[in-house]
């Protein structure tokens, strides 16, 4: 064990690459969305709200990205399978501040390490997940 | 793509027309309510609490109007059909700050564009929806 | 008096133009910052945090942009002259939620109308103001 | 001492009279404002935001009205004389939630009893006070 370890971290350049790729995919499928990219510490790095994206999606996109880095890099759509058959958890954890348990948040990875996350809101959970994945893939993620 | 676009916005005059029409309908059916009108940015424009309306309704009426402009102009009573058969969304989105998933919030439209919303609370969800609709209709909405 | 009025609103394209111009200016003077662009309703449209910008600046940049659109399009550095010789206001208004009374927030205008704002945090108040101005100028603002 | 006492309370009709009188005065002096009327319990009864009034004023107007009913019916502009020469109070009480210590909030009275308050924000503290007074006077207040 050493006192210090080097960790790969997403840069603004990386976050903007992911965000722009997500916006392009949203344009292609015609779904206006909000897109947020956070670093591995859960702090916002890059954000965009497309014209006519729902106002409510601005916070949801950020919360989805946060949820991913805040719990093992798990894509938000994976949460339901974890909690569906566990009643105490299903009732008890959903209220956790900022935790989002439906699709639209995916990890951004470098090699096998989560370096950030991208969250998308504005379409269906499936659309949001696909748009986020289009963004994360640019950096080798998801 | 341009840097600026012109968008129709509700005025205080328009908001008061809608609010007074809603109050008249509430009087007609004998249900004291709170009524809130927000602009397309979710900011409050006009509000009234009728004598004997529930105190709790003051915030609920504002949240209902906010919910409409914050998500695609969807009337709040439409939310349940969106989430009833989608367990992750049903469990996961209801906690969203200010989102209200029962009746009483309806859009105010100009042509095909949402320019604001009206939210009503104090009666049943159906009564609240009808009162809100009576307000929105004055401006051609809902 | 009419029920509806048309108002110019900033688009994501416009917000990204302003944001990128601000980031370039920050790079030129070597000050890593956070930059936020809001629309006239105070809702976030575009955001970037440069590598090594202070974490605290993420919220401050958003609050500065909000402060501008929330009060007459006043640049945040103008606040001090308004309140310095008015003791009740100086003591009483600074606590207002999200209000920021030092430099770094400037309006984005279209003609004589405020259509949004840009907020910058990370350098001195003067540097932040200059970076924000470099962004707003792209759209004819400040 | 009896178990129950009758207290005069403002009605929605009364609140709307005061609010409309305040809006007329604001129009006359050409200052767009937000106006809020609360009952003696501090709960919002009536609210209006004029076109081009500052967004920030929406909450400030409500807080000014609340401050009045929350402390002895004192007009908010009277606070400074209470605290200016009392350093602990001046530093310690201003942060009190919703307390506003500059002009714009005035009581609405019936006889010698405070039945509600009106708060105005959008102009200078003096203008706000005058507009609020124009509203309160309709009901015999201030």
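Look at residue C:69 and say whether it is in contact with a strand residue (DSSP E or B) (Cβ under 6 Å, 6 or more places away or on another chain) and at pLDDT 95 or above.
Numbers: in contact with a strand residue (DSSP E or B) (Cβ under 6 Å, 6 or more places away or on another chain): yes; at pLDDT 95 or above: yes.
Against the criterion (in contact with a strand residue (DSSP E or B) (Cβ under 6 Å, 6 or more places away or on another chain) and at pLDDT 95 or above), residue C:69 qualifies.
Given the condition closer than 28 Å to residue B:55 by Cβ, in contact (Cβ under 8 Å) with a residue 24 or more places away in the chain and either out of contact with any helix residue (DSSP H, G or I) (no Cβ under 8 Å at 6 or more places or on another chain) or surrounded by fewer than 22 Cβ atoms within 10 Å (Cβ to Cβ) (or both), answer yes or no: does some residue in region D:92-100 qualify? So far as region D:92-100 goes, yes, one or more of its residues are closer than 28 Å to residue B:55 by Cβ, in contact (Cβ under 8 Å) with a residue 24 or more places away in the chain and either out of contact with any helix residue (DSSP H, G or I) (no Cβ under 8 Å at 6 or more places or on another chain) or surrounded by fewer than 22 Cβ atoms within 10 Å (Cβ to Cβ) (or both).
Filtering region A:23-33 down to residues that are assigned to a helix (DSSP H, G or I) and in contact with a helix residue (DSSP H, G or I) (Cβ under 6 Å, 6 or more places away or on another chain), which residue is nearest to the other protein chains (Cβ to nearest Cβ)? Reasoning before the result, please.
Step one: filter region A:23-33 for residues assigned to a helix (DSSP H, G or I), giving A:23-29.
Next, only the ones that are in contact with a helix residue (DSSP H, G or I) (Cβ under 6 Å, 6 or more places away or on another chain) stay: A:25-26.
Details: A:25: 15, A:26: 11 Å.
Here the residue is A:26.
For region B:4-22, a residue qualifies if it is touching a residue at least 40 places away in the same chain (Cβ under 8 Å) and part of a strand (DSSP E or B), and the qualifying residues are B:7, B:8, B:9, B:10.
Return yes or no: is residue B:34 within 17 Å of residue B:116 (Cβ to Cβ) and surrounded by 23 or more Cβ atoms within 10 Å (Cβ to Cβ)?
Working: within 17 Å of residue B:116 (Cβ to Cβ): yes; surrounded by 23 or more Cβ atoms within 10 Å (Cβ to Cβ): yes.
So residue B:34 passes the test.
Considering only region D:34-50, state which residues are part of a loop (DSSP other than H, G, I, E, B) and either over 20 Å from residue B:17 (Cα atoms) or at pLDDT below 95 (or both).
First, the residues of region D:34-50 that are part of a loop (DSSP other than H, G, I, E, B): D:40-43, D:50.
Listed by number, the residues that qualify are D:40, D:41, D:42, D:43.
Taking the conditions exactly as written (surrounded by 22 or more Cβ atoms within 10 Å (Cβ to Cβ) and more than 30 Å from residue D:98 (Cβ to Cβ)), does residue C:68 satisfy them or not? So residue C:68 fails the test. The number of residues in region C:66-79 being part of a loop (DSSP other than H, G, I, E, B), within 7 Å of another protein chain (Cβ to nearest Cβ) and out of contact with any helix residue (DSSP H, G or I) (no Cβ under 9 Å at 6 or more places or on another chain) comes to 1. Among the residues of region C:94-142, those identified as over 15 Å from residue C:59 (Cβ atoms) and in a helix (DSSP H, G or I) are C:125, C:126, C:127, C:129, C:130, C:131, C:132, C:133, C:134, C:135, C:136, C:137.
The residues in region D:34-65 that are within 27 Å of residue B:14 (Cα to Cα) and away from chain B (no Cβ under 11 Å) can be counted, and the count is 4. Apart from one condition, residue B:54 fits all of (1) in a loop (DSSP other than H, G, I, E, B); (2) surrounded by 17 or more Cβ atoms within 10 Å (Cβ to Cβ); (3) out of contact with any helix residue (DSSP H, G or I) (no Cβ under 8 Å at 6 or more places or on another chain); the exception is (2).
Sort out which residues of region A:101-124 are surrounded by fewer than 22 Cβ atoms within 10 Å (Cβ to Cβ) and in contact with a helix residue (DSSP H, G or I) (Cβ under 7 Å, 6 or more places away or on another chain), and write them in order of number. Walk me through it before giving the result.
We begin by selecting, within region A:101-124, every residue surrounded by fewer than 22 Cβ atoms within 10 Å (Cβ to Cβ); these are A:109-114, A:124.
Once the filter is applied, which keeps residues that are surrounded by fewer than 22 Cβ atoms within 10 Å (Cβ to Cβ) and in contact with a helix residue (DSSP H, G or I) (Cβ under 7 Å, 6 or more places away or on another chain), region A:101-124 yields only A:114.
Just the residues that are over 29 Å from residue B:14 (Cβ atoms) and within 12 Å of another protein chain (Cβ to nearest Cβ), please, taken from region B:80-111. If the condition is that a residue be over 29 Å from residue B:14 (Cβ atoms) and within 12 Å of another protein chain (Cβ to nearest Cβ), then B:83, B:86, B:87, B:88, B:89, B:90, B:91, B:92, B:93, B:94, B:95 are the ones that fit. If you go through region B:1-51 and keep only what is over 20 Å from residue B:128 (Cβ atoms) and out of contact with any strand residue (DSSP E or B) (no Cβ under 8 Å at 6 or more places or on another chain), you end up with B:1, B:2, B:13. Confirm whether residue B:74 is without any contact (Cβ under 8 Å) to a residue 40 or more places away in the chain and more than 14 Å from the chain's Cα centre (by Cα). In short, no.
The values are calculated or read from the model by the stated rules, or taken from the named source; none is laboratory data. Note that this is a predicted model, so its numbers are computed, not measured. In this analysis, Cβ positions are derived from the backbone assuming ideal geometry, glycine residues included, and neighbour counts consider all displayed protein chains.
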